[in-house]
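Visitor: Quick one: the structure is below, and I'll ask about it shortly.
The values are calculated or read from the model by the stated rules, or taken from the named source; none is laboratory data. Computed from a predicted structure; not experimentally measured. In this analysis, Cβ positions are derived from the backbone assuming ideal geometry, glycine residues included, and neighbour counts consider all displayed protein chains. All accessible areas refer to the heavy atoms of the entire protein, side chains included, with ligands and DNA or RNA removed. Shrake-Rupley method; radii C 1.70, N 1.55, O 1.52, S 1.80 Å.
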Amino acid sequence: ASGLPADAQVVEVCSWMGASTCFIAGGLKGGAARIFAVDNFQGLSTCGGDAAWYHRHFQQLGAKSTLEIFQKNFADLGFASRAEPVVSDSLAAAKTLAAKRGAIDFIFIDGDHSYEACKADILAWAPFVKRGGVIAFHDFGSRADGVTRAIFEATKAGRFAEIVGVAGTIIAFRM
């Protein structure tokens, strides 16, 4: 995020409580920089292991949504003006934000980890990244084999221009 141009426009697909969103926001420069945080804030997932994980965490939180926690985290760090929560599932949000197609500098996808959902996220969100921008994915090469499979397929199909880097389970591509 710190390497993005001033006033960069960013989308994060699935923000949960905003930890990664805050790290991204912290690297942004310029008063008009904005991060669109797409999440249903209810932990809904079609990937079995993830669904159980979310269920346990919501029981511990005693809440049905993480939106208030997300907003408090952003406010506490002074990033509230940079974040725009988009309370929606990923594919519906892509339709809502359709006017931003081709105008996004960076997209970070950490959505539903099933193969079908990750493949759908790639198809829905890749057209939003401007030429030379970056799309990154979390959980590549991890227990989430659906994510890895969908990314390999997209790479073989030529959807990305080049690999920017790999760090742990994050992989990033230039568009």
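Visitor: Along each of the three principal axes of the Cα atoms of the stretch 106-152, give the extent in whole Å, ordering the values from largest to smallest.
Guide: Reported extents, whole Å, longest axis first: 30, 16, 16.
Visitor: What is the extension gain from ARG174 to SER142, computed as 0.36 nm multiplied by their sequence separation minus the C-alpha to C-alpha distance, in nm to one decimal?
Guide: Working: separation 32, 0.36 × 32 = 11.52 nm, distance 2.15 nm.
Here the answer is 9.4 nm.
Visitor: Can you give the calculated 222 nm mean residue ellipticity of the chain, where each DSSP H run of n ≥ 4 adds -39,500 (n - 2.57) and the sum is split over every residue, rounded to the nearest 500 deg cm²/dmol? Kindly include the intermediate steps, with their values, before the conclusion.
Guide: Working: 6 runs with 63 residues, N = 175.
After summing the helix terms and dividing by residue count, I get -10500 deg cm²/dmol.
Visitor: A further question on this structure: Given a Förster radius of 22 Å and the C-beta distance between VAL87 and LEU123 as r, what FRET efficiency does 1/(1 + (r/R0)^6) yield to the nearest 0.05? Don't jump to the answer; show the numbers that get you there.
Guide: Details: r = 22 Å, r/R0 = 1.00.
The formula returns an efficiency of 0.50 here.
Visitor: Please compute, for the alpha-carbon atoms of the chain, the extent along each of the three principal axes and give them in descending order in Å.
Guide: 44, 39, 30
Visitor: Of ASP89, ASP110, which has the most accessible area with a 1.4 Å probe, and how do the rest follow in descending order? Can you show the working numbers first?
Guide: Details: ASP89 85, ASP110 35 Å².
So, going from the largest accessible area down, we get ASP89, ASP110.
Visitor: Excluding residues on the same chain fewer than 8 positions from LYS95, give the aspartates and glutamates whose Cα lies under 13 Å from its Cα.
Guide: Counting by Cα, and skipping residues close in sequence, LYS95 has these aspartates and glutamates nearby: ASP121.
Visitor: With every protein chain left in place, what is the accessible area of ARG174 in Å² (1.4 Å probe, nearest 10)?
Guide: Counting only protein heavy atoms, ARG174 exposes about 80 Å² to solvent.
Visitor: Counting residues in the stretch 57-151 as N, plug N into 2.2 N^0.38 Å and put the Cα Rg over that result. The partial results should precede the final answer.
Guide: Numbers: Rg = 15.0 Å, N = 95, 2.2 N^0.38 = 12.4 Å.
Output field value: 1.21.
Visitor: Leaving ligands, DNA and RNA out of it, work out the accessible area of MET17 with a 1.4 Å probe and give it in Å² to the nearest 10.
Guide: Only protein atoms counted, so the area is about 40 Å².
Visitor: Provide the percentage of antiparallel DSSP beta bridges, counting only those with both residues in the chain; round to the nearest 5.
Guide: Details: 9 of 28 bridges.
If I count the DSSP bridges inside the chain, around 30 percent turn out antiparallel.
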